[in-house]
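Enquirer: Dropping a structure here in structure tokens format, bear with me for questions.
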């Protein structure tokens, strides 16, 4: 019984409650509390079993999240025994910049002239090429942009308004805060002697892209229909279909009295 307090202390440190300790050693609750005071039991810095389990679980989740975030394939690159350490670095630098010279320069710490000469050669090495192709595949899988995302971006460019970026007054122009603007549509910002100039992505180019995408122009509709008909027919009669469609399109676009189909033959 005299040594019971030592075992009880271990139970206390592991997270056992006072009443359970008292029942285990056949003593009163007050006895257990007196042991704690007398022998200075202190759980500071000591975690219970449940706390330890929760901590391990949290660490695993954090590690899993970190692995997911960093899972770009580069870990396997460093484990590729077919590559030298410098070649491994070259592959990683290249997949991020697609600049062979700069990638070689960063990996080998050599002169620019050497990197400019050897960078392209490095891309031709079978093991290096295979590793870069593997990293490219992983990178493609991480691209989540859909057709709707591209269309939405082009529409934002096409209907962008310079008033969203600057305020106009009689004597001066003020720029708006970046937090108030769609910075994704800004192509260039330049500061010169006369002040700051902002260039937005090409609106007309975006409008042309949207027009073609939605077949808004008659020629685009006509071309799409022709390609479809040609694929269906699969022989020389496609040229005849093309000519007939041109004839009909011309009549519709340029109506005239007493004009007949024969006029176009």
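Enquirer: Kindly identify the range 160-201 as rounded, prolate or oblate by the Cα gyration tensor criterion: order the square roots of the eigenvalues as a ≥ b ≥ c, call it rounded if a/c is under 1.5, otherwise compare a/b with b/c, prolate if a/b is larger, else oblate.
Expert: Taking the square roots of the gyration eigenvalues as a ≥ b ≥ c, the range 160-201 is oblate.
Enquirer: While we're looking at this one, here's another question. Run the numbers for residue 134 and residue 82: contour at 0.36 nm per residue of separation, minus the present Cα-Cα distance, in nm. Could the numbers behind the result be given before it?
Expert: On the way: separation 52, 0.36 × 52 = 18.72 nm, distance 1.39 nm.
Full extension from residue 134 to residue 82 adds 17.3 nm.
Enquirer: Could you compute the FRET efficiency for residue 150 and residue 182, with r as their C-beta to C-beta distance and R0 at 25 Å, rounded to 0.05? Don't jump to the answer; show the numbers that get you there.
Expert: Values: r = 16 Å, r/R0 = 0.64.
Computed FRET efficiency for residue 150 and residue 182 comes out at 0.95.
Enquirer: Extending each Cα 7 Å along its Cβ direction at residue 42 and residue 175, get the distance between those two points in nm, one decimal.
Expert: Simple spin-label model gives 5.8 nm for this pair.
Enquirer: With each label point set 7 Å from Cα along the Cα-Cβ vector, what nm distance links residue 34 and residue 113?
Expert: 9.1 nm
Throughout, read-outs are computed from the coordinates displayed, never taken from laboratory work. Note that the structure is predicted; figures quoted are calculated from it, not measured. Because the Cβ atoms are built from the backbone with ideal geometry, glycine has one as well, and the counts that use them run over all protein chains shown.
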